[in-house]
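Student: First, the structure itself, so that you have it in front of you.
The values are calculated or read from the model by the stated rules, or taken from the named source; none is laboratory data. Just so we're clear, the structure is a prediction, and the values are computed from it rather than from any experiment. Cβ coordinates were reconstructed from backbone atoms using ideal geometry, including for glycine residues, and neighbour counts include every protein chain displayed. Ligands, DNA and RNA are excluded from the accessible area calculation, which covers all protein heavy atoms including side chains. Shrake-Rupley method; radii C 1.70, N 1.55, O 1.52, S 1.80 Å.
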Protein chains: 2
Amino acid sequence: LNVADLICKKRNKGILSREEIQFLIKGYVAGEIPDYQIAALLMAIWFVGMHNTETTDLTLAMADSGERVDLSSIPGVKVDKHSTGGVGDATTLIVAPLVAACGGKVAKMSGRGLGHTGGTLDKLESIPGLSVQQSIDSFIRIVADCGLAIVGQTADLAPADRLLYALRDVTGTIDSIPLIAASIMSKKLVSGSDAIVLDVKTGNGAFMNDMDGSEKLAKTMTAIGAKAGKRTTALITDMNQPLGNAVGNALEVREAIQVLRGELSGDLKTVSLALATQMLLVSGICADEAEARQRVESALSSGEALNRLARMIRAQGGHPEVIEKTELMPRASRQIPVLAGKSGRITRLDTARIGYCALLLGAGRQKKGDSIDPAVGLWMQKRLGDEVTKGEALAVLHVNAEDHIEEAFECFQKAVNIDAGRLEARKLIYKTISG
Amino acid sequence: LNVADLICKKRNKGILSREEIQFLIKGYVAGEIPDYQIAALLMAIWFVGMHNTETTDLTLAMADSGERVDLSSIPGVKVDKHSTGGVGDATTLIVAPLVAACGGKVAKMSGRGLGHTGGTLDKLESIPGLSVQQSIDSFIRIVADCGLAIVGQTADLAPADRLLYALRDVTGTIDSIPLIAASIMSKKLVSGSDAIVLDVKTGNGAFMNDMDGSEKLAKTMTAIGAKAGKRTTALITDMNQPLGNAVGNALEVREAIQVLRGELSGDLKTVSLALATQMLLVSGICADEAEARQRVESALSSGEALNRLARMIRAQGGHPEVIEKTELMPRASRQIPVLAGKSGRITRLDTARIGYCALLLGAGRQKKGDSIDPAVGLWMQKRLGDEVTKGEALAVLHVNAEDHIEEAFECFQKAVNIDAGRLEARKLIYKTISG
């Protein structure tokens, strides 16, 4: 096997065999195949795509590149959830307690935010005392005790993915459906759960802007899950505005708690309940959707889901009182409303730009390793389709540092279209796709 | 300027500006931009191509990456010639003396053979004593004295090209018209001549197999030449069989000498005269083609071209007696005919395979740095369109080492199609393209 020949084969739309893909990934992780050959291969894949068998083989080769988490000592069905990344998306903080309250075991390894999208670990760290760095033993014990835990990666899972992602990031090859699918699924396959629900975001705040791409990504990932023996369902959900009203770490935790307290309805709640319902189905805890839906709603209304979140917070070293007193989390020193410049209807929100506005205030990272301010962000007062009057608040910026305020302000204003036009037809949950 | 952004821009069919291309090439040569980003960029270029302005800017940036040869101390017009690479193509050994005999100055830096194609330096080194490694002073003095010199690169000309070519070679990005054009023209621009004639080979023994690609390459290169202020003409010539009958280093020198002695006609002579004619035109030595053609034919028939070759050989340290006694060059120990397996007409020759057959015998290199045997190779007895009788010799293999003889034998047989079919229409010189 010759690497340059395999690059040419892929470039010329050939289908790489399992053996060839394993050779490439093993050689790359071992340092025997240089970055520059893999970079050329990734760009060729970006152009010609991958056959389903290739994507599955790539995913499995990446999964096999490191350790696997063994969750077998936890009794019950382990069920995982993953979002492809959005703005104002605190669903994990709602969904994991809901599923745990219904008897599922949610052993979730999450990531940090990058660019305009947030990360669950950053959000959780807004809770005083809470640690997302847990040993694998502690992680397993917390899941067994509470039904859920949300932590950072406990080991070097799928090192091939870490290497490939870093390379893709600097070679213009991030936005490739097979590469995204293999990256996500390789980590899901090694993280030890029995079943997986994927939340594939679609719209102007998501990696995938169009429905075709989102559906292809969802189908690719559920097919990989099926072939790898993990029941996998994907929901395609809208990301043409922030899912919740809060964008920013402590703000999003507050909003999630409000949903779990039953104080708040809206898109964030709707998508969370749908995801939790699918998790009960895919894990086999419930046999049909009506039953699953009812179980989830009971877990919410009884307060058991909120109770589960409190138990997890305590187990991870945090102060569970935030459940009652969200003001225990860091708060920004100033709140500045962004006012509507004219009257009309909100016909479009540039969601990535709203995420970037929060980033400018300190809620996110331009690049890996940047520090963030848990307190800052913004709270949407108006959503898509709302009628607004000139001078009314569109959102409130939560601000600490003085720099970038002007820029963030302008960024938010530019993200909002107010006019007399019609809204594009949209749904909140477009499709459910099973592997 | 951000490299990843520029990769994405190119990938998305954007046109890179001169400033952006200079930034990329300077950064790469300086070691500030890593191989893997350039590899991804090259693959993106392989897929989307380059606009003419980009190819010119790339060529100029590559030319500016190192020294330029200053030939200004040589009186007269300096005219260069370059072939895109073929099999049995010893034209340089005929063309350079012809042009020198007509008053042109041919200061030629040549290359070595790789894969199925031969290299002029390897051929010349078949001549006992001759050295292709000359200092720049010696190179200039020989051209001034003899009208021609053929040497290896005297300095690190266009180091960007050296780096890019090595990277392309291992990343499946060799066969890209803008990258080939920029590679060739960057070296031509810095080698100091005033005018350039390009021999773009087309057919199954050339890099470019089809006329569309060959014509595009020719037009791209002549346009670059024109923009860079060098008069440039390209001939598109056939490479659907070895140009001469000889394939192998000493054998090709022998054939070239036979042409210069007036003993041999055929495709090699025809193309050589055409190239020399264009060199007299593009250099302004002759005003019209009829005059140029006549001058070239006189230089041949008078023996002045042969005399020029002898002078060059002596000046470069070789034994000029080879001009009379070609048997002074290394000769193979055995000659083995390849016989026709059936009677019929030769309707197709796989030229790359014939080149590979000679390589197997030791005449060429699988990879850079491999040693070669100057004596070995093959001599075609039959050419495209010839009628052959079963048992008649198609070619004679000139053999030294015993290994690979069987393989070479089979390789040649597979390269020859004998049947009752019709020949595809072909010409020897398809087109003349001026910048």
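Student: Scan the stretch A:72-83 and give yes if some residue there is over 22 Å from A:Ile180 (Cα atoms), open to solvent by 20 Å² or more (accessible area, probe 1.4 Å) and of a type in the set (A, V, I, L, M), otherwise no. Talk me through it step by step, then tell me what you get.
Tutor: As a first pass, look at the stretch A:72-83 and keep what is over 22 Å from A:Ile180 (Cα atoms): A:72-78.
Adding the requirement that they be open to solvent by 20 Å² or more (accessible area, probe 1.4 Å) leaves A:72-73, A:75-77.
Retained after the next criterion (residues that are of a type in the set (A, V, I, L, M)): A:77.
Yes; the residues of the stretch A:72-83 include at least one that is over 22 Å from A:Ile180 (Cα atoms), open to solvent by 20 Å² or more (accessible area, probe 1.4 Å) and of a type in the set (A, V, I, L, M).
Student: How many residues are within 14 Å of chain B (Cβ to nearest Cβ) and open to solvent by less than 80 Å² (accessible area, probe 1.4 Å) when one looks only at the stretch A:5-19? Break it down stepwise before answering.
Tutor: Initial filter on the stretch A:5-19 (within 14 Å of chain B (Cβ to nearest Cβ)): A:5-14, A:16.
Checking which are open to solvent by less than 80 Å² (accessible area, probe 1.4 Å) leaves us with A:6-11, A:14, A:16.
Residues in the stretch A:5-19 being within 14 Å of chain B (Cβ to nearest Cβ) and open to solvent by less than 80 Å² (accessible area, probe 1.4 Å): 8 in total.
Student: With the requirement that a residue be within 22 Å of B:Ala90 (Cβ to Cβ) and open to solvent by less than 50 Å² (accessible area, probe 1.4 Å), what does the stretch B:401-428 give you? Working first, answer last.
Tutor: Going through the stretch B:401-428, the residues within 22 Å of B:Ala90 (Cβ to Cβ) turn out to be B:408, B:411-412, B:415-416, B:426-428.
Correct list: B:Ala408, B:Cys411, B:Phe412, B:Ala415, B:Val416, B:Leu428.
Student: Return yes when A:Gly27 is at pLDDT 95 or above, more than 23 Å from B:Ile7 (Cβ to Cβ), surrounded by fewer than 21 Cβ atoms within 10 Å (Cβ to Cβ) and within 14 Å of chain B (Cβ to nearest Cβ) and no when it is not. If you could, list the steps in order and put the result at the bottom.
Tutor: Values: at pLDDT 95 or above: yes; more than 23 Å from B:Ile7 (Cβ to Cβ): yes; surrounded by fewer than 21 Cβ atoms within 10 Å (Cβ to Cβ): yes; within 14 Å of chain B (Cβ to nearest Cβ): yes.
Yes, satisfied.
Student: Which of (1) more than 25 Å from A:Ser138 (Cβ to Cβ); (2) open to solvent by less than 10 Å² (accessible area, probe 1.4 Å) is the odd one out, the single condition A:Ser333 does not satisfy?
Tutor: (2)
Student: Also: So the check is Cβ under 7 Å with 6+ separation or different chains; which pairs have a first residue in the stretch B:327-342 that's touching a residue at least 60 places away in the same chain (Cβ under 8 Å) and a second one that's surrounded by fewer than 14 Cβ atoms within 10 Å (Cβ to Cβ) and outside any helix (DSSP H, G or I)?
Tutor: Short answer, once both residue conditions are applied: B:Ala340/B:Thr389; B:Ala340/B:Lys390; B:Ala340/B:Gly391; B:Gly341/B:Lys390; B:Lys342/B:Lys390.
Student: Going by what's in this entry, would A:Ala63 be described as farther than 21 Å from B:Met43 by Cβ, of a type in the set (Gly, Ala, Ser), away from every other protein chain (no Cβ under 14 Å) and free of Cβ contacts under 8 Å to residues at least 40 places away in the same chain?
Tutor: On the way: farther than 21 Å from B:Met43 by Cβ: yes; of a type in the set (Gly, Ala, Ser): yes; away from every other protein chain (no Cβ under 14 Å): yes; free of Cβ contacts under 8 Å to residues at least 40 places away in the same chain: no.
When the stated conditions are applied, A:Ala63 does not pass them.
Student: Kindly indicate the residue of the stretch B:109-124 that is under 17 Å from B:Met208 (Cα atoms) and part of a strand (DSSP E or B) and also modelled with the lowest pLDDT among those meeting that condition.
Tutor: So the residue we want is B:Leu114.
Student: Still on this structure: A:Ala420 passes all but one of (1) of a type outside the set (Asp, Glu); (2) farther than 25 Å from A:Lys201 by Cβ; (3) modelled with pLDDT of 95 or more; which number fails?
Tutor: (3)
Student: Considering only residues that are in contact with a Pro (Cβ under 7 Å, 6 or more places away or on another chain) and acidic (Asp, Glu), which ones fall in the stretch B:136-170?
Tutor: Those that are in contact with a Pro (Cβ under 7 Å, 6 or more places away or on another chain) and acidic (Asp, Glu): none in the stretch B:136-170.
Student: Restricting to the stretch A:347-372, give me the number of residues that are without any contact (Cβ under 8 Å) to a residue 60 or more places away in the chain and among the charged types (D, E, K, R).
Tutor: Of the residues in the stretch A:347-372, 1 are without any contact (Cβ under 8 Å) to a residue 60 or more places away in the chain and among the charged types (D, E, K, R).
Student: Could I ask something else about it? Considering the stretch B:232-257 alone, what residues qualify as being in a helix (DSSP H, G or I) and in contact with a strand residue (DSSP E or B) (Cβ under 9 Å, 6 or more places away or on another chain)?
Tutor: Applying the first criterion (in a helix (DSSP H, G or I)) to the stretch B:232-257 yields B:249-257.
Selection gives B:Asn249, B:Ala250, B:Leu251, B:Glu252, B:Val253, B:Arg254, B:Glu255, B:Ala256.
Student: Still on this structure, please answer the following. Quick one: would you say A:Asn2 is within 13 Å of chain B (Cβ to nearest Cβ) and farther than 26 Å from A:Phe139 by Cα?
Tutor: Details: within 13 Å of chain B (Cβ to nearest Cβ): yes; farther than 26 Å from A:Phe139 by Cα: yes.
It is true that A:Asn2 is within 13 Å of chain B (Cβ to nearest Cβ) and farther than 26 Å from A:Phe139 by Cα.
Student: Go through the stretch B:266-328 and tell me which helices (runs of 4 or more DSSP H), entirely inside it, have 1 or more residues that are touching a Cys at 6+ places or on another chain (Cβ under 8 Å) and surrounded by fewer than 24 Cβ atoms within 10 Å (Cβ to Cβ). Steps first, please.
Tutor: Details: elements: B:267-282, B:289-301, B:304-315.
Fully inside the stretch B:266-328 and qualifying: B:289-301, B:304-315.
Student: Given the conditions (1) in a strand (DSSP E or B); (2) of a type outside the set (Val, Ile, Thr); (3) surrounded by 22 or more Cβ atoms within 10 Å (Cβ to Cβ), and given that A:Arg348 satisfies all but one, which numbered condition is not satisfied?
Tutor: Unmet for A:Arg348, out of (1) in a strand (DSSP E or B); (2) of a type outside the set (Val, Ile, Thr); (3) surrounded by 22 or more Cβ atoms within 10 Å (Cβ to Cβ): (3).
Student: Starting from the stretch A:145-170, keep only residues that are within 14 Å of another protein chain (Cβ to nearest Cβ), then list their pairs with residues that are in a helix (DSSP H, G or I) and of a type in the set (Asp, Glu) whose Cβ atoms are within a distance under 7 Å, requiring at least 6 positions of separation or different chains.
Tutor: Qualifying pairs under 7 Å: A:Leu167/A:Asp35.
Student: Let me ask something else about it. What number of residues within the stretch B:97-109 are open to solvent by 20 Å² or more (accessible area, probe 1.4 Å) and not hydrophobic (A, V, I, L, M, F, W, C)?
Tutor: Here is the first cut: in the stretch B:97-109, the ones open to solvent by 20 Å² or more (accessible area, probe 1.4 Å) are B:101, B:103, B:105, B:109.
Next, from what is left, pick out any that are not hydrophobic (A, V, I, L, M, F, W, C): B:103, B:105.
Going through the stretch B:97-109 one residue at a time, the tally reaches 2.
Student: Also: Which condition breaks for A:Glu387 when tested against (1) touching a residue at least 24 places away in the same chain (Cβ under 8 Å); (2) under 14 Å from A:Gly113 (Cα atoms); (3) among the acidic types (Asp, Glu)?
Tutor: Here A:Glu387 clears every test but (2).
Student: Looking at the structure I just gave you, is A:Ile174 open to solvent by 10 Å² or more (accessible area, probe 1.4 Å), part of a helix (DSSP H, G or I) and either away from every other protein chain (no Cβ under 11 Å) or within 23 Å of B:Asp5 (Cβ to Cβ) (or both)? Outline the logic, then answer.
Tutor: Numbers: open to solvent by 10 Å² or more (accessible area, probe 1.4 Å): yes; part of a helix (DSSP H, G or I): no; either away from every other protein chain (no Cβ under 11 Å) or within 23 Å of B:Asp5 (Cβ to Cβ) (or both): yes.
Judged against the criteria, A:Ile174 is not a match.
Student: Determine the pairs where a residue that is within 17 Å of B:Arg162 (Cβ to Cβ) and touching a residue at least 24 places away in the same chain (Cβ under 8 Å), located within the stretch B:16-36, has a partner that is surrounded by fewer than 20 Cβ atoms within 10 Å (Cβ to Cβ) and of a type in the set (Phe, Trp, Tyr) with Cβ atoms under 7 Å apart, the partner being 6 or more residues away or on another chain.
Tutor: As it stands, the answer is none, since no pair meets every condition given.
Student: Could you check the stretch A:177-206 and list, in sequence order, the residues that are of a type in the set (Val, Ile, Thr), over 13 Å from A:His82 (Cβ atoms) and open to solvent by 10 Å² or more (accessible area, probe 1.4 Å)?
Tutor: Across the stretch A:177-206, the qualifying residue is only A:Ile177.
Student: Taking A:Ile257 as meeting all but one of (1) away from chain B (no Cβ under 14 Å); (2) open to solvent by 50 Å² or more (accessible area, probe 1.4 Å), write down the number of the exception.
Tutor: The number of the failed condition is (2).
Each row is one residue, and each column tells you yes or no for (1) more than 23 Å from A:Ile94 (Cβ to Cβ); (2) not hydrophobic (A, V, I, L, M, F, W, C).
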| position | (1), (2) |
| --- | --- |
| A:Ser298 | no, yes |
| A:Gln335 | yes, yes |
| A:Gly341 | yes, yes |
| A:Arg348 | yes, yes |
| A:Leu360 | yes, no |
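Student: Output the number of the condition that A:Gly213 fails; it satisfies all remaining conditions of (1) open to solvent by less than 30 Å² (accessible area, probe 1.4 Å); (2) assigned to a helix (DSSP H, G or I); (3) in contact (Cβ under 8 Å) with a residue 40 or more places away in the chain.
Tutor: For A:Gly213, the failing item is (3).
Student: Output yes when any residue across the stretch A:125-145 is buried (at least 22 other Cβ atoms within 10 Å of the Cβ), among the polar types (S, T, N, Q) and modelled with pLDDT of 95 or more, and no when none is.
Tutor: Scanning the stretch A:125-145, I find at least one residue that is buried (at least 22 other Cβ atoms within 10 Å of the Cβ), among the polar types (S, T, N, Q) and modelled with pLDDT of 95 or more, so the answer is yes.
Student: Name the single residue that is farthest from the chain's Cα centre (by Cα) among those in the stretch B:30-60 being away from chain A (no Cβ under 14 Å), open to solvent by 20 Å² or more (accessible area, probe 1.4 Å) and of a type outside the set (Val, Ile, Thr). So that I can check it myself, show each step before the final result.
Tutor: Residues of the stretch B:30-60 that are away from chain A (no Cβ under 14 Å), as a first pass: B:30, B:50-60.
Those left that are additionally open to solvent by 20 Å² or more (accessible area, probe 1.4 Å): B:30, B:50-53, B:60.
From what is left, the residues that are of a type outside the set (Val, Ile, Thr) are B:30, B:50-52, B:60.
Details: B:Ala30: 30, B:Met50: 24, B:His51: 25, B:Asn52: 23, B:Leu60: 21 Å.
That would be B:Ala30.
Student: Could you list, in sequence order, the residues of the stretch B:216-231 that are open to solvent by 10 Å² or more (accessible area, probe 1.4 Å) and farther than 24 Å from B:Thr351 by Cα?
Tutor: Pass one, the stretch B:216-231, residues open to solvent by 10 Å² or more (accessible area, probe 1.4 Å): B:216, B:219-220, B:223, B:226-231.
Once the filter is applied, which keeps residues that are open to solvent by 10 Å² or more (accessible area, probe 1.4 Å) and farther than 24 Å from B:Thr351 by Cα, the stretch B:216-231 yields B:Lys219, B:Thr220, B:Ala223, B:Ala226, B:Lys227, B:Ala228, B:Gly229, B:Lys230, B:Arg231.
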